[in-house]
Amino acid sequence: MNSSEKLANVLQLVTGYNGTEAPGEPPTMTDNVTRYELDAKVAAIETRMDSKIDRIVESNARIETGMTSLKNTVIVTGITAALAIVFGVAAFNATLLGNMTASFESGKNTAEAIAKSSEERMNSAAPVGVGWNDGLGNKR
């Protein structure tokens with residue numbers, strides 16, 4: 001039996017079609033396959049399936065390794081983002097507190113300057129009957 005006949009036998013086994021019946025008719029087997037041929041075909045199929053399964057297992061292992069790396073990256077990124085937010089809020093609060101303190105000190109210094117200016121003005125006020133300056137250079 002040559003290789004084309006063996007291939008025809010395998011196709012007949014798999015599909016049930018021997019090429020002689022009309023479409024729609026039930027398949028018939030006219031040539032019997034020996035036990036050795038069937039065992040060889042099953043062994044060949046089993047070998048191919050084993051190699052495919054091995055490739056799938058290797059691919060799965062690579063994916064799991066990549067997922068572990070991705071998991072670590074996500075965790076580190078999350079922690080970094082949380083720390084950036086905490087430090088950003090702390091910096092904003094420190095800046096706001098510094099500005100509020102500076103504003104308070106400015107107001108305090110302004111109040112002291114006004115009080116001092118008023119006191120100096122009261123102390124340097126001209127006696128009654130003497131002309132005074134209106135601040136524009138006009139004496140009265």
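The values are calculated or read from the model by the stated rules, or taken from the named source; none is laboratory data. For clarity, every value in this text was computed on a predicted model and none was experimentally measured. When we count neighbours, we look across all protein chains shown, and the Cβ atoms used for this are built from the backbone with ideal geometry, even at glycine.
Looking only at residues in the range 24-37 that are of a type in the set (D, E, K, R) and under 9 Å from ASN9 (Cβ atoms), the one that is modelled with the lowest pLDDT is ASP31. Among the criteria (1) over 30 Å from VAL10 (Cα atoms); (2) modelled with pLDDT under 90, the one ALA40 does not fulfil is (1).
Results for (1) exposed (fewer than 10 other Cβ atoms within 10 Å of the Cβ); (2) of a type in the set (A, V, I, L, M); (3) over 24 Å from the mean Cα position of the chain (by Cα); (4) modelled with pLDDT under 85, shown as yes or no for each residue.
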{"site": "ALA84", "(1), (2), (3), (4)": "no, yes, no, no"}
{"site": "VAL89", "(1), (2), (3), (4)": "no, yes, no, no"}
{"site": "ASN93", "(1), (2), (3), (4)": "no, no, yes, no"}
{"site": "LYS108", "(1), (2), (3), (4)": "no, no, yes, yes"}
{"site": "GLU119", "(1), (2), (3), (4)": "no, no, yes, yes"}
{"site": "GLY131", "(1), (2), (3), (4)": "yes, no, yes, yes"}
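For the range 56-75, the count of residues that are closer than 30 Å to VAL10 by Cα and modelled with pLDDT of 85 or more is at least one.
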